[in-house]
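Data block below; observations after.
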Amino acid sequence: MPSNPLLLLAVAVSALLAIRAHIGPDKRWQIYILKPLTTALILALAVLTPSTDPRYHLAVCVGLALSLAGDIFLMLPGDRFLPGLASFLLAHLAYLGAFTSGLPVAPAVAPLVVYGAAGAAMLAALWPGLSHRLRAPVATYVLVIATMAAVALARWLDRGGSLALAAAVGAGLFMLSDALLALGRFRRSFPGARAAVLGTYWAAQLLIAVSVGGAV
């Protein structure tokens, strides 16, 4: 478990202030500070959490660092969607590397079916709004994040434990956050979308970061 409650509190306060900056009047300078700061604090929490599985610990920290890069790409002015997408794609591959640590070669099939269906539904909803240039990258991204979430769930089903469950819930929330973000970008937004996207995103990252304490 995290050994620094003050850092955990700092994550919560930074996330709340960042969400408030997104949904209020234009506070771009606050967003530029608070959005990367929140993810950086979660990364620091993961780095400082003791773990008995170096591979798991390193992979989660790499995933959080890549997520921080993705946050910055998507936050800056101009269309940096593809670099942001690539950063998060690599982050999910890092998380996938963490979640396969100690997992049987043939994990439970049910999580793959459930998240495969969710990914297919997500892609079907987005497809009409995607340009031809974005269809292949987005399809690849959906495949990777669905696999990552499925493996996290399979790992919990195989090993049990509250921290493996935290990773599984975090991975599922990450997929939900990305689905909300993509639907708002490529289909139609809804009231409270930014708060929902950021709230589920940082909850997901925090749960995955916390899970390093239960790597065995």
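The values are calculated or read from the model by the stated rules, or taken from the named source; none is laboratory data. For clarity, every value in this text was computed on a predicted model and none was experimentally measured. Note that each Cβ is placed from the backbone with ideal geometry, even for glycine, and that neighbours are counted across all protein chains shown.
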*For segment 154-177, enumerate the residues that are modelled with pLDDT of 95 or more and within 18 Å of Leu93 (Cβ to Cβ).*
Ala167, Ala168, Gly170, Ala171, Gly172, Phe174, Met175, Ser177
*Mind listing just one residue for me: the one in segment 100-136 that is touching a Ser or Thr at 6+ places or on another chain (Cβ under 9 Å) and part of a helix (DSSP H, G or I) and, of those, farthest from Arg185 (Cα to Cα)?*
Leu112
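Tell me whether segment 128-142 contains one or more residues that are under 15 Å from the mean Cα position of the chain (by Cα) and within 19 Å of Val11 (Cβ to Cβ). Reasoning before the result, please.
Quick first cut of segment 128-142, residues under 15 Å from the mean Cα position of the chain (by Cα) only: 141-142.
Now narrow it down to the ones that are within 19 Å of Val11 (Cβ to Cβ): none.
The answer is no; no qualifying residue exists.
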*asked:* Against the definition (of a type outside the set (Ser, Thr, Tyr) and within 19 Å of Ile23 (Cβ to Cβ)), how does Arg187 come out, yes or no?
replied: no
*Answer from Leu58, Leu6 - the residue that is surrounded by 15 or more Cβ atoms within 10 Å (Cβ to Cβ) and either under 16 Å from the mean Cα position of the chain (by Cα) or assigned to a helix (DSSP H, G or I) (or both)*: Leu58
*Could you list all residues from segment 48-65 that are of a type in the set (A, V, I, L, M) and at pLDDT below 95?*
Leu48
*If a residue has to be over 13 Å from Leu85 (Cβ atoms) and buried (at least 19 other Cβ atoms within 10 Å of the Cβ) to count, how many in segment 124-151 make the cut?*
6
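Right, Ala203: at pLDDT 95 or above, under 23 Å from Thr49 (Cβ atoms) and either in contact with a helix residue (DSSP H, G or I) (Cβ under 7 Å, 6 or more places away or on another chain) or not charged (D, E, K, R) (or both) or not? Explain how you work it out, then say what you get.
Values: at pLDDT 95 or above: yes; under 23 Å from Thr49 (Cβ atoms): yes; either in contact with a helix residue (DSSP H, G or I) (Cβ under 7 Å, 6 or more places away or on another chain) or not charged (D, E, K, R) (or both): yes.
So Ala203 passes the test.
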*Looking at segment 152-171, is at least one residue outside any helix (DSSP H, G or I) and either free of Cβ contacts under 8 Å to residues at least 60 places away in the same chain or not aromatic (Phe, Trp, Tyr) (or both)?*
yes
_Flag if Leu68 is touching a Ser or Thr at 6+ places or on another chain (Cβ under 6 Å), modelled with pLDDT of 90 or more and not hydroxyl-bearing (Ser, Thr, Tyr)_ = yes
*Being within 25 Å of Thr140 (Cβ to Cβ), surrounded by fewer than 15 Cβ atoms within 10 Å (Cβ to Cβ) and modelled with pLDDT under 95, is that true of even one residue in segment 92-106?*
yes
_Among (1) closer than 20 Å to Pro36 by Cα; (2) aliphatic (A, V, I, L, M); (3) in contact with a Phe, Trp or Tyr (Cβ under 8 Å, 6 or more places away or on another chain); (4) surrounded by fewer than 21 Cβ atoms within 10 Å (Cβ to Cβ), the one test that Ala204 misses_ = (4)
